[in-house]
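Reviewing the structure listed below.
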Amino acid sequence: MNMQAKLELEGKTYSLPIVVGTEGEKAVDVSALRAETGYITLDESYGNTGACQSKITFIDGEKGILRYRGIPIEELAGKSSFVETAFLIIYGHLPNHREMDRFIALLQENQILHENMKHHFEGFPPSAHPMAILSAMINAASCFYPELMHGHRGDFEIQAARLISQVRTIAAFSYRKSKGEPIIYPKKSYDYTANFLHMLFSDPNDDYEIKPEAARALDLIFLLHADHEQNCSTSTVRMVASSQANLYASCAAGVCALWGPLHGGANQAVVEMLQQIHQEGDDGSKFIAAAKNKASGRKLMGFGHRVYKHYDPRAKIIKTACDEVLNALRIDDPLLAIAKKLEAAALQDEYFIERKLYPNVDFYSGIIMRALGIPVEMFTVIFSIGRMPGWIANYKEIAEDPKSRICRPRQIYVGTGQHGYVPLTQRA
Ligand code: ACO
């Protein structure tokens, strides 16, 4: 059915096409509005703007539904692995045996960084945040692959595998450097996630003992972060990709967007908040009171979401995994009890109920990462590793769309009107 919306402007009626998604989501297509009427739409912070049509991820924020390529996140969390899910997200279907073997082989073949990359790590001060190193190094790595310099072109399959594999190597190298410890190279005998733990924690003469529960928990964290449709960092990747910048440049920009505490940086902020509550001996009530008071400048980190007005399905899975992994590793982290208390109090508090604020993916993930011995500065880096398939899949949608145009929002200018140049000598 060809539905149309009617818009009345200055006494004239215009017809605007309505676009309906697979799950019945409706949008008014305003792309021709300015040409026809002279008006643009204004939606600051994109609270109600669909920036693209995408086949990758579906979210129903009211019902708490998340699906990658049509498969519910709960099923993938229970049955799949990060690497298999990465293939699904990028290529649109679950891999068969042959595809899976090839994908794993490509990840392994491309896991080592160019040896000259090691010199780049030397230049950062020990206090450098690993997210700064990560985005800089992703860009630096692109210089070693001249084919990337031709924008969208090149062998996408290899570029994608190389980036997924190398982002993990870069992340581990940054961590080792920040501790002043020697770099540990990846080993072909380990799978993707175990290899990361090996590069983080092994010594040159002594391999770190990789506990299966720890590797599984980290793999689950990667998988749950693998895509989340048009969030701040993914929109950034699409924005950069739309200029036909290369895959590495686009994803390095995604890392920068993810860094902020309102987005991926929230996992670090949550643990810092819980530590502060613990140190102050607060039972959480003082912090909740402050989070409700705008003047305090505080927020309950790990709570609230632009799209979810219901419990974030990823948070539900992570909360269960958090209990399981802490039990399995026999860790009693006081921050977990504080987090649960905060959650229970917030979910009964009128302020949070009215605003439909629930725990998001970041609320419990940091407690798992702490249990694995991952330092707090690395939490958002872990998020970046997980999100890489989503960024790559979104980049691919743009690169493969012959109708793709450069992303270029408009604005309403509200500055001063035209006035003349005043020479410096005549200025007050
Ligand atoms: N604590 C206290 N109040 C909150 C919180 C919070 N965590 N989140 C939202 N609110 C309040 C806002 O102050 C606002 O109140 P008002 O209506 O009285 O002005 C109302 O709830 C609506 O919130 P907005 O800020 O308008 O929601 P928006 O969609 O712009 O922001 C965001 C979403 C950034 C996630 C916000 O909820 C937040 O800052 N949360 C804490 C940071 C965080 O956990 N970020 C991670 C998000 S998940 C991710 O990116 C992976």
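Residues in the stretch 18-30 that are surrounded by 11 or more Cβ atoms within 10 Å (Cβ to Cβ), closer than 18 Å to Gln230 by Cβ and not acidic (Asp, Glu): Val19, Val20, Gly21, Lys26, Ala27, Val28, Val30. Just one of the numbered conditions (1) at pLDDT below 95; (2) over 22 Å from His225 (Cβ atoms); (3) within 12 Å of the ligand (Cβ to nearest atom) is not true of Ala337: (3).
To keep it simple, each residue is scored yes or no on (1) surrounded by 14 or more Cβ atoms within 10 Å (Cβ to Cβ); (2) modelled with pLDDT of 95 or more; (3) under 23 Å from Arg238 (Cα atoms).
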| site | (1), (2), (3) |
| --- | --- |
| Ala35 | no, yes, no |
| Leu42 | no, yes, yes |
| Ile59 | yes, yes, yes |
| Glu74 | yes, yes, no |
| Leu94 | yes, yes, no |
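I'd like to check something: does the stretch 229-245 contain any residue that is surrounded by fewer than 23 Cβ atoms within 10 Å (Cβ to Cβ), over 24 Å from Leu148 (Cβ atoms) and touching a strand residue (DSSP E or B) at 6+ places or on another chain (Cβ under 7 Å)? Yes, because at least one residue in the stretch 229-245 is surrounded by fewer than 23 Cβ atoms within 10 Å (Cβ to Cβ), over 24 Å from Leu148 (Cβ atoms) and touching a strand residue (DSSP E or B) at 6+ places or on another chain (Cβ under 7 Å). Of the residues Lys294, Lys299, Lys340, Lys309, only one is under 30 Å from Glu75 (Cβ atoms) and free of Cβ contacts under 8 Å to residues at least 60 places away in the same chain; which? Of Lys294, Lys299, Lys340, Lys309, the one residue that is under 30 Å from Glu75 (Cβ atoms) and free of Cβ contacts under 8 Å to residues at least 60 places away in the same chain is Lys340.
Residues are listed down the side, and each one gets a yes or a no for (1) on the phi > 0 side of the Ramachandran plot; (2) within 12 Å of the ligand (Cβ to nearest atom); (3) at pLDDT below 95; (4) not aromatic (Phe, Trp, Tyr):
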position	(1), (2), (3), (4)
Cys256	no, no, no, yes
His263	no, yes, yes, yes
Asp282	no, no, yes, yes
Lys292	no, yes, no, yes
Ala295	no, yes, no, yes
Leu300	no, yes, no, yes
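The set of residues from the stretch 69-124 being within 22 Å of Glu400 (Cα to Cα) and hydroxyl-bearing (Ser, Thr, Tyr) comprises Thr85, Tyr91.
Look at (1) in contact with a Phe, Trp or Tyr (Cβ under 9 Å, 6 or more places away or on another chain); (2) within 29 Å of Leu66 (Cα to Cα) and you find that Asn96 fails only one, number (1). Scanning the stretch 347-366 for residues that are within 20 Å of Asn267 (Cα to Cα) and within 8 Å of the ligand (Cβ to nearest atom) yields Phe352, Leu357, Asn360, Val361, Asp362, Phe363. Scanning the stretch 312-332 for residues that are more than 16 Å from the ligand (Cβ to nearest atom) and either without any contact (Cβ under 8 Å) to a residue 60 or more places away in the chain or not in a helix (DSSP H, G or I) (or both) yields Thr320, Cys322, Asp323, Leu326, Asn327, Leu329, Arg330, Ile331, Asp332. Residues that are of a type in the set (D, E, K, R), at pLDDT 95 or above and within 19 Å of Glu229 (Cβ to Cβ) are absent from the stretch 3-17. With respect to the conditions (1) within 11 Å of the ligand (Cβ to nearest atom); (2) in contact with a strand residue (DSSP E or B) (Cβ under 8 Å, 6 or more places away or on another chain); (3) not acidic (Asp, Glu), Ala269 lacks only one, and its number is (2). Of everything listed in (1) away from the ligand (no atom under 12 Å from the Cβ); (2) under 26 Å from Leu336 (Cβ atoms); (3) of a type in the set (S, T, N, Q), the single unmet condition for Ser250 is (2). Residues that are more than 20 Å from Val20 (Cβ to Cβ) and touching a helix residue (DSSP H, G or I) at 6+ places or on another chain (Cβ under 6 Å) were ranked within the stretch 40-68; the one that is farthest from the ligand (Cβ to nearest atom) is Ile40.
The values are calculated or read from the model by the stated rules, or taken from the named source; none is laboratory data. Worth saying up front: this structure is predicted, and the values here are computed from it rather than measured. As a convention, Cβ positions derive from the backbone with ideal geometry for all residues, glycine included, and neighbour counts pool all protein chains shown.
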